[in-house]
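Undergrad: Quick one: the structure is below, questions incoming.
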Amino acid sequence: MPHLCNLCHIDLDHVSVTRGGQTLLQDVSMHIHCGQLTALIGQNGAGKTTLIRALLGQLPHGGTIRHLNEHGRDVPHLVTGYVPQHLEFDREAPLTVQDLMAAAFSRRPIWTGVGKKTREAVLEALTEVNAAELVNRPLGRCSGGELQRVLLALSMHPAPDLLVLDEPVSGVDSNGLTLFLDTVSRLRRRHHMAILLVSHDLRLVREYADHVVLLDRSVLVQGAPDYVFESPEFDRVFSSGEVRQHAGDL
């Protein structure tokens, strides 16, 4: 019987994933609470990507993944938004930010033009992530941070119950990183959605996360950032003193 709390949450109860006879995840139990940012950390190969794919319904899994309200009752139709690490596209293609988003916002072929209502919806979505000035910019001329805000705008249509951020600021400069994460924090407060952030940047995790889960195919330790970062499990996974110093140097 899952533990009940007074917040709506996504509940992972004894989730396991096996492929080709290999156990990729084993007995993962955790809550991702609405209105909070949960950070998933661990070394490469720890199962972070596998867990994301299970959450997104891309991999079969054992155990259960449920969306529960504050009374512990199931809520059907979990809406999930996803921001990947990179967007693969031809930077020389004559495609604007508006074109990309209009293709997702409308069933109408882009080559027939973008209708007024779609243009308004695109601009509203970009405004919410502080990117309205990008609407007519060629996609190939956007910086890494600008592209991630465009992907964030796409992931918010419709507003999700769970927003998954998969290394969203890898390779983004410091200004773009701060703008992106401050925007995510504002969206979290406005929409009271659950956010799962996967990141190798431990300073970022310590600054922005409400809850941290350390994964190595199963959950080693979870809790408030300071609790996890000071745990013996963290020491075993990130044995380098330099890593610990970097994580605490805010």
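Undergrad: Could you identify which residue out of Leu40, Leu220, Leu87 has the top mean-square fluctuation in a GNM of the chain using Cα springs shorter than 10 Å?
TA: Highest fluctuation of the listed residues: Leu87.
Undergrad: Identify which of His77, His157, His61 has the largest mean-square fluctuation in a Gaussian network model of the chain, with springs joining Cα atoms closer than 10 Å.
TA: Per the Cα network of the chain with a 10 Å cutoff, His77 tops the list.
Undergrad: For the chain, with every protein chain kept in place, what is the accessible area per residue (1.4 Å probe, Å²)?
TA: Value for the chain: 51 Å² per residue.
Undergrad: Taking the Cβ of Leu179 as the centre, find all other residues whose Cβ is under 13 Å away and add up their charges (Lys, Arg: +1; Asp, Glu: -1).
TA: Summing Lys and Arg as +1 and Asp and Glu as -1 gives -2.
Undergrad: So what's the net charge close to Asn69: Lys and Arg +1, Asp and Glu -1, counting the other residues with Cβ under 15 Å from its Cβ?
TA: -2
Undergrad: Quote the relative contact order of the chain in percent (integer), defining contacts as alpha-carbon pairs under 8 Å separated by 6+ residues.
TA: RCO, the chain: 26 percent.
Undergrad: Dipole of the chain, Cα-centred, from +1 at each Lys and Arg C-beta and -1 at each Asp and Glu C-beta, to the nearest 20 debye?
TA: So the dipole magnitude of the chain works out to roughly 820 debye.
Undergrad: One quarter of the convex hull surface, Cα atoms only: what value does that give for the chain in nm²?
TA: 15.0
Undergrad: Check each of the GluC sites (Glu not before Pro) in the range 40-103 and keep only those in coil by DSSP with at most 10 other C-beta atoms within 10 angstrom; list them in order.
TA: Of the GluC sites (Glu not before Pro), the ones in loops of the range 40-103 whose Cβ has at most 10 other Cβ atoms within 10 Å are Glu88, Glu92.
Undergrad: Run the helix sum for the chain: -39,500 (n - 2.57) per DSSP H stretch of 4+ residues, divided by residue count, reported at 222 nm to the nearest 500 deg cm²/dmol.
TA: Counting only the DSSP helices, I get -10000 deg cm²/dmol.
Undergrad: While we're on this one: Who wins for biggest fluctuation among Ile110, Ile52, Ile41 in a Gaussian network model of the chain, springs between alpha carbons below 10 Å?
TA: Fluctuation is largest for Ile110.
Undergrad: Among Phe89, Gly115, Val79, whose Cα lies farthest out toward the positive end of the dipole of the range 1-132, if unit charges sit on the beta carbon of Lys, Arg (+1) and Asp, Glu (-1)?
TA: The Cα lying farthest towards the positive end belongs to Gly115.
Undergrad: Let me ask something else. Under 5 Å between amide hydrogens, which residues at least 5 positions from Thr96 or on another chain qualify, with H placed 1.01 Å from N in the peptide plane?
TA: Excluding prolines and chain starts, which carry no amide H, the hits are Leu139.
Undergrad: Find, among the trypsin sites (Lys or Arg not before Pro) in the range 28-102, those assigned to loop by DSSP (not H, G, I, E, B) with at most 11 other beta-carbon atoms within 10 angstrom.
TA: Arg73, Arg91
Undergrad: Among Gly223, Ala132, Phe180, whose Cα projects farthest towards the positive end of the dipole of the chain, with charges put on the beta-carbon of Lys, Arg (+1) and Asp, Glu (-1)?
TA: Value computed over the given set: Ala132.
Undergrad: Further question on the same structure: Which of Leu56, Leu40, Thr18 sits farthest toward the positive end of the charge dipole of the range 1-94, with +1 on the Cβ of Lys and Arg and -1 on the Cβ of Asp and Glu?
TA: With unit charges placed on the Cβ atoms, the residue in question is Thr18.
The values are calculated or read from the model by the stated rules, or taken from the named source; none is laboratory data. For clarity, every value in this text was computed on a predicted model and none was experimentally measured. Note that each Cβ is placed from the backbone with ideal geometry, even for glycine, and that neighbours are counted across all protein chains shown. To get the accessible areas, we keep the full protein, side chains included, count just its heavy atoms, and leave off ligands, DNA and RNA. Shrake-Rupley method; radii C 1.70, N 1.55, O 1.52, S 1.80 Å.
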